[in-house]
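Worksheet for the structure shown next.
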Number of protein chains: 2
Amino acid sequence: MNQILRIDTNQKGFSYSEADDSLAIMGGRALTSKIVMDEVPPTCHPLSADNKLVIAPGLLSGTTAANSGRLSVGSKSPLTGGIKESNAGGLVSQKLARMGIKAIILEGKPEGDEYSLIHITKDGVKFLPADDLVGMTNSEVITTLWDRFGEKVGVACIGPAGEQRLTGASIQFADPKGNPGRAAGRGGLGAVMGSKKIKAMVIDDKGCERVKPADKEAFSALAKKWAKLLTSHPVSGQGLPALGTAILVNVINEAGAMPTKNFRTGRFDKVENISGELMAELIEKRGGIIKEGCHPGCVIKCSQAYHDKNGDYLTSGFEYETIWAFGAHCLIDDLDAIAEMDRLCDDIGVDTIDTGVAIGIAMEGGLIEWGDKDAAIDLVKKIKTGDPMGKIIGNGAAFTGQALGVDRIPVVKKQALPAYDPRAVKGVGVTYATTPMGADHTAGYSVCQNILKVGGDVDPLKKEGNVEISKNLQVATAVLDAAGLCIFVAFPVLDSDDGFGMIVDMINARFGIKMTADDVIAMGIDTLKTEKAFNKAAGFTKHDDRLPAMFNENLGPHNVTWDITDDELDSTLDFE
Amino acid sequence: MNQILRIDTNQKGFSYSEADDSLAIMGGRALTSKIVMDEVPPTCHPLSADNKLVIAPGLLSGTTAANSGRLSVGSKSPLTGGIKESNAGGLVSQKLARMGIKAIILEGKPEGDEYSLIHITKDGVKFLPADDLVGMTNSEVITTLWDRFGEKVGVACIGPAGEQRLTGASIQFADPKGNPGRAAGRGGLGAVMGSKKIKAMVIDDKGCERVKPADKEAFSALAKKWAKLLTSHPVSGQGLPALGTAILVNVINEAGAMPTKNFRTGRFDKVENISGELMAELIEKRGGIIKEGCHPGCVIKCSQAYHDKNGDYLTSGFEYETIWAFGAHCLIDDLDAIAEMDRLCDDIGVDTIDTGVAIGIAMEGGLIEWGDKDAAIDLVKKIKTGDPMGKIIGNGAAFTGQALGVDRIPVVKKQALPAYDPRAVKGVGVTYATTPMGADHTAGYSVCQNILKVGGDVDPLKKEGNVEISKNLQVATAVLDAAGLCIFVAFPVLDSDDGFGMIVDMINARFGIKMTADDVIAMGIDTLKTEKAFNKAAGFTKHDDRLPAMFNENLGPHNVTWDITDDELDSTLDFE
């Protein structure tokens, strides 16, 4: 029940091996980062046979612990050139855990151009031809595979963008309803899967038993307490279920931290047309679904089904960051247009953040007009067809900036900055600069303390305290990502005395071990150290831990600039 | 007579200042690299107002010394992200020297979109509107400006590629006949000029006196001896005048070092259709010109006028590296087609090496067929129009590789490898990897000792001795680039006992100083140290001093691999 599944994409073979002791209590991101560090040459080309794609459920995945079904996907990133863990919901994590698979490692690269479908059951791995799937959108792939293998199988797949090996390409996962709205979106991991000529993986746990914790009774009691903790906090129990992450549209805009027109100001004057409140209103009016989980066992349910004007399903997993990227960043104030682009991204298989930021860069470069939603939608559609302009946008914001000769490009380690202006949410700015992942809000989401005042109260506009909260959050997030827990459990955990202890206790009860809280924190730190070591060996230096010069500009309405010093940034994750 | 001319492209102003003592005996590349290091923030965006474009004649430019009219153009490179000196012929270097200008520094960046023409005379600098020039090819620009300002003025200009700020964009210079065949081609410096909204610069030295050496008589005697040295060597006196650098087509192919089909083998089976011998035959038959200098005072005359089938002028400065890039690299064996692409590159203003290698990468990526000359020509033409596919190709080989998801991309520091396979000319391989410029044969041209057996005899297929010759050549080249001397003077200098002494003596006679040979060598070493320091401060590490993994493959016909170790590479320019 502790298996590493190696799949050789060149020979179309596979092998199981028992995970060795050093990996015993590693899961999720801790495990993917360890394996990538141990097995991938840091200077290899990310699309070469030397790179690997590692897929690992969290330590708690497959159990009854609420919100423990998140999956980690690790590799050397084609976008950043560094290590990457991209985290997704869907059905795969829990199924892998039930199948006793700690990690799948996709290795090698076939010589030819033919794509395969990988079918994984308790009886082994089959390579099936995927000719019929090639060129399909992710919706089409999932529909086809659920028709063929049943409506309960886990599916991981790539769309046309992954087939084109674009550095914005995502890996999409079927959600519980069979929509492709869950993504390992960031860092271009869909291009790695595409380079290995795998169009989709079906994970079918039929015949496998539920995960049995070592200490079943203790676990059961803890899981109940844990679910109650999550549902009783105002953010995870009320705000997120009511409006999804889109609740942040008004919150972040009010805070003056909503990057508008390519980070020129912190407030969007047409915010009411893209707010979470409006989203909820439209969902209700059109017969959509206000709250859904991204995986079974989720009690927060920040996802939704957003229907179009005709009442037909349009998209799900419609996140604040997506609304921002295609919205305020591009001066587009039409929620339906943004939802259409979200759906297009899920279907074509590209990261909504890097793609939305790239569209804004196309506006910055004069290719299309600011706020022109039709032109924006056309550009996103071009990614599907292999059109050269689509290839430019589909390779992300940094690439689009170079293509168009733009020098105002909001990226760190070539990954686009998400929806929080670093000058007005300084803890997140520290995270953008210093996480080994490239600009990534989820790596250390200081919006908690900076804006929501969860787990503390640190002024978002001043530098004081922000290095500290980013550091602590980055360590804690590495733990959550190892456990397979949704990042939003952080809200109740940070606001309670025993939340973190519950996580530790659940891991102990699951595996019959006795880790202390310090041991678990050490695991988070070790993960970050491993990731930094990989990046260093890949050629990264402290110069890569910087925001671009555009953030030296003043940001309204609070008239703030980026004033965290280089030394402060270098101290953030300095664990030596 | 020792002026630094600063031109503020934002305010459209200028100022002269006397060069301070530290710059007194610096010229060419020594000076451009020093100024870039002193004045450009290493981590700035190359297209931002913080970057500068520095143009400097060599120490001997403007004198009667043969082949001393080369110009250095320095900047932070938009292509590599590191320091760049790109070296060109044409008329500008000697004119600047006669005007007493040691360096022009283009600073800042205008807010608006309007291009200017900069007109420099002994009376000062004028910013003139360039609306009429925008969109023009370099041929058209030069023709227009010679019509307007007389047929003797020096012209530096950018084509549509520079206007688009593509990282493959060159700065082209009018040659003595008014053709745009001379280029500061490598590293995307045309994009820097484009970002500063300068379409062209006219340098008119009317009314300026000839350069008067401090010791006129000594200089005059030395210059005679120097010209004789150049004309009496078999390579610079016979081979290059007879066939241009295209003489190398057969030579390098025979050596098994002609990279064919994106570096898959070292010999091209249709080499006879692209040889220098064929070129000379066609030029003669069609009424072209076999030998021309790229600047007045050149006695080697490796340039030419290559006419098309109708006997009309097609191109000049038709180099071996260009013939290789569009030829053997792409499996195109039609010299007229290659000449057409050379002309297109000069006119559109892109580097022929990076563009040709990019075309081969487009073939590698399946966009067009190997050897399809018509499709290749179409792709090059697209760079002119702003077509997205043109933007991809025009951003060079590394960018094209990312756009198309190719993992076999022959670049170092993102700059495309030129026409010598590093496995079969190992000294050049060491240069590619270690020069601060990105893959650049001219930075340490060990083809001398490896193939031509000039200045020594070092086996090109074995590692022994190749680090040493690359190092020595890189230092010597830095000296030549500081002096404003053509790199081909190296052939006679390396093969004579007193050639280097003559260069030292000419510098001394020119300035009335008493440098020793060691002083001059120290200047070369200092230049390299400066350049490495800039790159380090820009975030480069030793990982950037490596060839890509594709060179671990075996190369036929000699069955060789790249076996220079990382330590050997790191020792090459380790002057501490």
*Cross-link pairs B:109/B:391; B:301/B:462; A:52/B:426; A:373/A:426 - those with Cα-Cα distance over 24 Å*: B:301/B:462; A:52/B:426; A:373/A:426
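Once a ≥ b ≥ c are taken as the square roots of the eigenvalues of the Cα gyration tensor of region B:442-576, is the result rounded (a/c under 1.5), prolate (a/b larger than b/c) or oblate (a/b not larger than b/c)? Please list the in-between numbers first.
Details: a/c = 2.77, a/b = 1.43, b/c = 1.93.
In terms of gyration-tensor shape, oblate.
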*Could you pull out every one of the aspartates and glutamates with an alpha carbon less than 20 Å from that of residue B:12, ignoring same-chain neighbours closer than 8 positions?*
B:39, B:50, B:107, B:111, B:113, B:114, B:123, B:131, B:132, B:163, B:204
*What residues of region B:127-158 lie in the reach of a label at residue B:114, counting those whose backbone N is under 16 Å from a point 7 Å from the Cα along Cα→Cβ?*
B:127-134
*Within region B:175-266, what is the number of lysine pairs with alpha carbons under 19 Å apart, leaving out pairs fewer than eight places apart on the same chain?*
6
*For residue A:292, list long-range residues whose amide hydrogen, built 1.01 Å from N in the peptide plane, is under 5 Å from its own amide hydrogen.*
A:302, A:303, A:304
_Karplus 3J(HN,Hα) series, Hz, for region A:508-513 with 6.51 cos²θ - 1.76 cosθ + 1.60 (x for Gly, Pro)_ = 4, 5, 5, 9, x, 10
_Built amide H within the under 5 Å cut-off of residue B:182, gap 5+_ = B:173, B:175
*Tell me, what HN-Hα J-couplings in whole Hz come from the Karplus equation 6.51 cos²θ - 1.76 cosθ + 1.60 at θ = phi - 60° for each residue of region B:559-568, using x for Gly and Pro?*
6, 10, 10, 7, 10, 6, 6, 4, 4, 5
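Could you sort B:295-308, B:394-407, A:459-472 so that the peptide with the highest average Cβ count within 10 Å comes first and the rest follow in order? Mind dumping the intermediate values first?
Values: B:295-308: 22.0, B:394-407: 28.6, A:459-472: 19.4.
For the peptides B:295-308, B:394-407, A:459-472, the packing ranking is B:394-407, B:295-308, A:459-472.
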*Please state the relative contact order of region B:33-81 as a whole percent: Cα pairs under 8 Å, 6+ residues apart?*
39 percent
*Evaluate the distance, in nm, between pseudo-label points positioned 7 Å from the Cα of residue B:232 and of residue B:542 along their respective Cα→Cβ axes.*
4.6 nm
*Suppose R0 equals 60 Å; then what is the FRET efficiency for residue B:285 and residue B:464 from their Cβ-Cβ distance, rounded to the nearest 0.05?*
0.85
_Straight-line reach from residue A:381: which aspartates and glutamates fall under 13 Å, measuring Cα to Cα and dropping same-chain residues less than 8 apart?_
A:340, A:342, A:346, A:347
*asked:* Relative contact order for chain A: what percent, with Cα pairs under 8 Å and sequence separation of 6 or more?
replied: 16 percent
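Classify region B:145-274 as rounded, prolate or oblate, taking a ≥ b ≥ c as the square roots of the eigenvalues of its Cα gyration tensor: rounded when a/c is under 1.5, otherwise prolate if a/b is larger than b/c and oblate if not.
Details: a/c = 2.56, a/b = 1.15, b/c = 2.23.
Because a/c hits 1.5 or more and a/b fails to exceed b/c, region B:145-274 counts as oblate.
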*Could you name the residue in chain B with the C-beta closest to the rotation axis that superposes chain B on chain A, along with the separation in whole Å?*
B:388, 2
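Using just the helices of the protein assembly as shown, give the 222 nm mean residue ellipticity in deg cm²/dmol: DSSP H runs with n ≥ 4 each add -39,500 (n - 2.57), and the total is spread over all residues, rounded to 500. All intermediate terms of the calculation are to be shown ahead of the outcome.
Working: 42 runs with 431 residues, N = 1152.
When only DSSP H runs of four or more count, the value is -11000 deg cm²/dmol.
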*What does a probe at residue B:553 reach in region B:313-347, counting residues whose amide N is under 18 Å from the point 7 Å along Cα→Cβ?*
B:325-332
_HN-Hα J in Hz across region B:81-89 - Karplus 6.51, -1.76, 1.60, θ = phi - 60°, x for Gly and Pro_ = x, x, 6, 9, 10, 10, 10, 9, x
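Ranked from highest to lowest mean number of other Cβ atoms within 10 Å per residue, what is the order of the peptides A:359-370, A:261-272?
Numbers: A:359-370: 21.3, A:261-272: 18.2.
Packing order, densest peptide first, comes out as A:359-370, A:261-272.
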*What shape does region A:235-388 have by the C-alpha gyration tensor, where a ≥ b ≥ c are the square roots of the eigenvalues, rounded means a/c under 1.5, and otherwise prolate means a/b greater than b/c and oblate the rest?*
oblate
*Scan around residue B:412 for amide H atoms under 5 Å from its own, H built in the peptide plane at 1.01 Å from N, and keep only partners 5 or more places away or cross-chain.*
B:417, B:439
_Unsatisfied cross-links (Cα-Cα over 26 Å) in the set A:414/B:536; A:413/B:536; A:102/A:384; A:463/B:76_ = A:102/A:384; A:463/B:76
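Once R0 is set to 35 Å, what does the formula 1/(1 + (r/R0)^6) return for the Cβ-Cβ distance between residue A:126 and residue A:224, expressed as a FRET efficiency to the nearest 0.05?
Working from the Cβ atoms, E equals 0.35.
To the nearest 0.05, how large is the calculated FRET efficiency for residue A:497 and residue A:277 if R₀ is 35 Å and r is the Cβ-Cβ distance? Provide the component values of the computation, followed by the final result.
Details: r = 33 Å, r/R0 = 0.94.
Here the calculated transfer efficiency is 0.60.
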*Treat each spin label as a single point 7 Å out from the Cα along the C-beta direction, and report the residue A:525 to residue A:152 distance in nm.*
4.4 nm
*For B:141-150, what's the mean count of beta carbons from other chains sitting within 10 Å of each residue's beta carbon?*
0
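Pairs of alpha-carbon atoms within less than 8 angstrom and 6+ residues apart define the contacts here; what relative contact order does region B:3-203 have, in percent? It would help to have the intermediate numbers written out before the result.
Details: 527 pairs, mean separation 46.3, N = 201.
Computed value for region B:3-203: 23 percent relative contact order.
Taken together, the values in this text are just the output of simple stated rules run on the coordinates, not laboratory data. Everything numeric here is computed off the predicted structure, so don't read it as measured data. Note: ideal-geometry Cβ built from the backbone for every residue, glycine included; neighbour counts use all protein chains shown.
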